[in-house]
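**Q** Next up is a structure, given as structure tokens.
Laboratory data are not the source of any read-out in this text; all were calculated from the coordinates shown. The model shown is predicted, which means the values in this text are computed figures rather than measured ones.
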């Protein structure tokens with residue numbers, strides 16, 4: 001989850017490191033805008049709003065929830 005002190009360049013570098021390390025997807029959760037970016041090794045990026053559902057795909061089979069649930073604490 002992004003914090004107010006995170007810088008875009010630093011986040012991009014971390015995402016790249018995780019993908020190079022073999023992660024199948026990297027989620028960047030933005031509480032300010034209440035959305036999630038999903039980065040994949042093929043270079044694709046998906047943006048999910050709080051009204052949409054996120055799934056675990058291959059990494060977390062069977063996992064699914066509304067993006068809004070990340071922010072409802």
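**Q** Once Rh for region 19-59 is found with the Kirkwood sum over Cα pairs, what is the Stokes-Einstein diffusion coefficient at 25 °C and 0.890 mPa s, in µm²/s?
**A** Taking Rh from Cα pairs, D becomes 226 µm²/s.
**Q** Between (i) 3, 14, 16, 14, 11, 9, 8, 7, 6, 4, 4, 3, 1, 0; (ii) 3, 15, 26, 26, 13, 7, 6, 4, 1; (iii) 3, 15, 26, 25, 20, 9, 1, which entry matches P(r) over Cα pairs in 5 Å bins from 0, in percent as derived from the coordinates of this structure?
**A** So the calculated entry is the one marked (iii).
**Q** Then there's this: For the chain, what does -39500 (n - 2.57) per DSSP helix run (n ≥ 4), summed and divided by total residues, give at 222 nm, in deg cm²/dmol to the nearest 500?
**A** -5500 deg cm²/dmol
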